[in-house]
Amino acid sequence: MKTIIVPIDFSVYSENALKVAAQLAKKENATIVAVHMMGLSDANLTKEHNSMEGMFFIKLTQKRFEEFLDKDYLEGITVQQAVKNYKIFSELDEVAKEHHADLIVMGSHGSSGIQEVFVGSNTEKVVRTASVPVLVIKNEHDFTSTKAVFASDYKLESLDVFKKAIQLFKKLEIETKLVYINLPGENYKSTKQIEQQIVDFLVHLDKTYNIIPEDITIYADYSVEQGIFNYANKVKAGIIGIPTHGRRGLAHFFSGSISEDIVNHSELPVITFKM
């Protein structure tokens, strides 16, 4: 891991994300790119009067940025600053691509979103549009010793994202508990059917991953979201990992907007991996 993107709005929520990014950066000797979105329009930057006003706000933001980033926990870490004019959150993926980033770490304030810059469903927009993994942080979190739950449908279409998740957790030295959530209803499968599906999935996984069917727990619940939360609580996990599929939410086993629901409702950090 070489580069971590952290969007900043100067709130306590973005600082929670920055602290986690600092932990990961120190562990991986990575660079942090702190990004602030000002929300100025072209009109503010082109007309003479507005241009002067725009430049004033840019300089003010840069000063505030420098003060915000003057933290003891960032000592020894290379931190780059990026100030964007707009509040278009799909731009974060462009910033990630520009800097060849490996991860976006973003603060969040639950279903109502972060105040100020992260108002409304902006966290969801980042999760939908980002091509790199997105780690959403709600509260202060210690990543020096934690355990992750990763949920999958164990279909072949999910193989690549499964590999990405396992590789990242292994790199970060995070113990990973694998789970399949079995639901009632028309798509219900017997334990035997699920076990066979898991075996068929793992056959296509390189042996270096060292994962066997017994490593995957089949957990029954009334919804994928509740099943993941209950299983994470049962194994005392500190982070939840899920695959995402853009605007359609999680693919196949995860239908609708459940990725956004999990991100919004989870008190634990959630990391999403784009399929």
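Coordinate-derived values only; no laboratory data. All figures in this text were calculated on a predicted structure; none of them were measured in a lab. A quick note on method: Cβ atoms are made from the backbone with ideal geometry, for glycine too, and the neighbour counts reach across all protein chains shown.
Give, as a single signed number, the net charge of other residues whose beta carbon lies under 13 Å from the beta carbon of residue 155, with Lys and Arg counted +1 and Asp and Glu -1.
Values: positive: 189; negative: 153, 157, 160, 200.
Charge balance in the 13 Å sphere: -3.
Would you please calculate the Kirkwood hydrodynamic radius of the range 126-275 over all C-alpha pairs and express it in Å, rounded to one decimal?
Computed over the range 126-275, the radius equals 15.5 Å.
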Sum up the charges of everything whose Cβ sits under 10 Å from the Cβ of residue 217, counting Lys and Arg as +1 and Asp and Glu as -1, but leave residue 217 out. 0
Per-residue HN-Hα couplings for the range 269-275 [Karplus 6.51, -1.76, 1.60; θ = phi - 60°; Hz; x = Gly/Pro]: x, 10, 10, 10, 10, 6, 7
Out of residues 5 or more away from residue 182 or on other chains, whose amide H comes under 5 Å of its own, with H placed 1.01 Å from N in the peptide plane? 219, 220, 221
What nm value, rounded to one decimal, do you get for the distance between residue 69 and residue 188 when each label is placed 7 Å out toward the C-beta? 5.5 nm
For the ranges 9-15, 238-244, 267-273, what's the packing order if you count other beta-carbon atoms within 10 Å of each residue, average per peptide, and put the highest first? 238-244, 267-273, 9-15
Flagged links, alpha-carbon separation over 24 Å, of 27/138; 138/234; 138/177; 71/147; 19/236; 26/170: 71/147
What's the ranking of 164-172, 59-67, 28-36 by average number of surrounding C-beta atoms within 10 Å, highest first? 28-36, 164-172, 59-67
